[in-house]
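What follows is a short report on a single structure.
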Amino acid sequence: MAGKHTTKELKKLKIDAPDEKIRKKVLANWDHVAKPLDGMGRFESLTAQIGAILGTDTIEISGNQKAVIIMCADNGIVEEGVSQSGQEVTLAVVKNMAKKQSSVGKMAAKIGADTIPVDIGVSLQGKIQGVLDRKIRCGTRNFRKEPAMTQEESVRAIFTGIEMVKDCRQKGYRILATGEMGIGNTTTSSAVAAALLDCDVAEVTGRGAGLSDEKLIQKQRIIAEAVEKYQLRSAEPMQVLCTVGGLDIAGLAGVCIGGALFHIPIVLDGVISMVAALAAERIMPGTKSYLIPSHRGKEPAVEKLMTVLELEPVIDASMALGEGTGAVMMMALLDMALCIYNNRTTFSDIAIAQYERFV
């Protein structure tokens, strides 16, 4: 997929459905485990989905087979005072990520997952040591004044995400998580959500890292003005992404699409990656079958996004840290569920009758 990419090329990509026979086989294997039927709850269906994606009922994601792809980018809309902090915070956190000292780095190290910070649009000329350089431009434009990205930039960002998944698959990773860093990205994600969901801006726009009532109203007003100015409620998904989105969101949309193309389960984090997932599904229908939910965050858009994407997060802890931290927590939970599945004690092992399924 090297070279210049176009929307026409994107539309030619084909997504196959996960293997339904494998999914049923994994569920049948769970029924043979010496436990009550459906005793592991949603972890049984989630691991079955992972097996169907990977194409095997022998599911192994432990050790160094897990990674978090962290798309890092700045957003021009920050000029409008929609965040407590400025773009300098993005760079500071990204540098900390490179040292594995940010929150996601420490959590990922605990479960043996790799972190891959990607500079897809940090507002800095030059490279950041320890960060993968895939910069498309130094931050997006201020969408209050003009569209955030050109179509070419958005498509490049999407293909950057796709190519990241392809590369990770070739390196032996079996499951990937989405992460992001970029001051102002709850504003861009809320704008994309409001347009794609065709709902009132206030329903999907929260306080981000902690805005006052006055600043929240200002943030909502700026988004609403942009949605109406660019007539985004009737726009194509790609146009919405270009106009009010961010390079991190476009890159993560590519990661979601890449998961579907290369049969790698993608564990979503919070609202930013959920918005990216919705954009990916609208651009490439069928993508959502390759997505694994993690947590139900605090941002108001989450509930609507979960409904549309037909995802039900497992963790309900009012988290709002970002970076991919909720997705890493989910990976740890999947590891624990799979230790039962992969080392299963069957009913025959303990010489008792297996439970029968009547419904």
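A short reminder: the numbers here are calculations on the coordinates, not readings from a lab. Please read all numbers here as calculations on a predicted model, not as lab measurements. Note: ideal-geometry Cβ built from the backbone for every residue, glycine included; neighbour counts use all protein chains shown.
Treat every Asp and Glu Cβ in region 44-192 as -1 and every Lys and Arg Cβ as +1, leave all other atoms uncharged, and give the resulting dipole magnitude about the Cα centre to the nearest 20 debye.
I would put it at about 380 debye.
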Report summary line: Taking N as the residue count of region 89-167, its alpha carbon Rg divided by 2.2 N^0.38 Å gives 1.22
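Out of the DSSP beta bridges found with both residues in the chain, what percent are antiparallel (nearest 5)?
On the way: 1 of 22 bridges.
If we restrict to bridges inside the chain, about 5 percent are antiparallel.
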Query raised in the report: Mind ordering 193-203, 128-138 by average Cβ neighbours within 10 Å, highest first?
Result: 193-203, 128-138
Query raised in the report: Along its principal axes, what span do the Cα atoms of the chain show, with the longest given first and each in whole Å?
Result: 71, 41, 40
Query - Among Gly251, Ile223, Gly172 the positive-end extreme of the charge dipole of region 169-272 (Cβ point charges) - result: Gly172
Query - Kirkwood-based shape ratio for region 137-256, expressed as Rg/Rh from alpha carbons - result: 1.01
Requested in this report: Rounded to whole Hz and in sequence order, give me ³J(HN,Hα) for region 284-292 from the Karplus expression 6.51 cos²θ - 1.76 cosθ + 1.60, θ = phi - 60°, writing x for Gly and Pro.
Outcome: 10, x, x, 4, 4, 5, 9, 9, 10
Report task. Could you let me know the centre-to-centre spacing of region 158-188 and region 73-94, using Cα atoms, in angstrom? Result -> 20 Å
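Among Lys127, Lys288, rank each residue by its count of other Cβ atoms within 10 Å, from fewest to most, as a rough exposure measure. Provide the component values of the computation, followed by the final result.
Numbers: Lys127 12, Lys288 19.
Placing the least packed residue first, the sequence is Lys127, Lys288.
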Query raised in the report: Among Asp248, Asp31, which comes first, then next, by fewest other beta-carbon atoms within 10 Å?
Result: Asp31, Asp248
Query raised in the report: Under DSSP H, which helices of the chain have Cα atoms covering 15 Å or more of the helix axis and a Kyte-Doolittle average no less than -0.5?
Result: 42-54, 88-98, 151-170, 185-197, 247-262, 271-283, 325-342
**Report entry** Contact order normalised by residue count of region 274-323, Cα under 8 Å, 6+ apart, percent
**Finding:** 38 percent
Query raised in the report: How do Phe43, Phe358 line up, fewest other C-beta atoms within 10 Å first?
Result: Phe358, Phe43
